[in-house]
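Below you'll find the structure, written out as structure tokens, and then a few comments.
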Amino acid sequence: MFYTVLKTLHLLSVIVWIGGMVFAQFFLRPAVASLPPPDRVRLMHAILGRFFNAVSLVAVIAVATGGWMIGRSARQMAQSDVKFNMPLEWMVMALLGLVMLAVFGYLRLVLYKRLTRAVAAAAWPVGGAALASIRIWVMVNLVLGVVIVLVTLLGASS
């Protein structure tokens, strides 16, 4: 039962993270493109602040639950005197998940701070440039997230 709860939390965390990136990239960004730069930059700053706060939480949940599930499997194998060989798809998921976390750290701690300073200074071209950088790195993370999902699903089906 506890494993099922952790796996559910893990999956829901990933859904929030990847789903939020899909929404931002393909629906929100095109919709706000017609707004004047001050309005667009301020709105995106507010939305991204909320989203990045949520991702901070779900990223911790995903890493913690994923690590716990891997550790649990390793402990069960060790208790059975069986050598634990982590499946390739788990290794890919863990490695790319950590890369996603690093990219998110860069987004949150560097690029979003740059955007925040631009909004505070009413420097709309600088804010627009920060948003362009954020868009690129969000797309990188979105691609990594989709690769993780595909590798995990393909591995589970074999």
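Data overview
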read-out: Residue in the stretch 66-73 that is of a type in the set (Ser, Thr, Tyr), within 24 Å of Thr8 (Cα to Cα) and either assigned to a helix (DSSP H, G or I) or in contact (Cβ under 8 Å) with a residue 12 or more places away in the chain (or both) present; value: yes
read-out: The stretch 37-50 residues that are within 10 Å of Leu115 (Cα to Cα), paired with ones that are among the small types (Gly, Ala, Ser) and modelled with pLDDT of 95 or more (beta carbon under 6 Å, 6 or more apart); value: Val41/Gly127
read-out: Pairs, first closer than 18 Å to Leu12 by Cβ in the stretch 142-154, second among the polar types (S, T, N, Q), C-beta under 9 Å, six or more apart; value: Leu142/Gln25
read-out: Contacts under 6 angstrom Cβ, first residue in the stretch 79-104 being aliphatic (A, V, I, L, M), partner assigned to a loop (DSSP other than H, G, I, E, B), 6 or more apart; value: none
read-out: Residue, farthest from Arg50 (Cα to Cα), within the stretch 79-131, restricted to residues that are assigned to a loop (DSSP other than H, G, I, E, B) and among the aliphatic types (A, V, I, L, M); value: Val82
read-out: Any hit, the stretch 132-140, residues being surrounded by fewer than 15 Cβ atoms within 10 Å (Cβ to Cβ), small (Gly, Ala, Ser) and more than 28 Å from Thr65 (Cα to Cα); value: yes
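The values are calculated or read from the model by the stated rules, or taken from the named source; none is laboratory data. Values in this document were obtained by computation on a predicted structure and should not be read as measured data. A quick note on method: Cβ atoms are made from the backbone with ideal geometry, for glycine too, and the neighbour counts reach across all protein chains shown.
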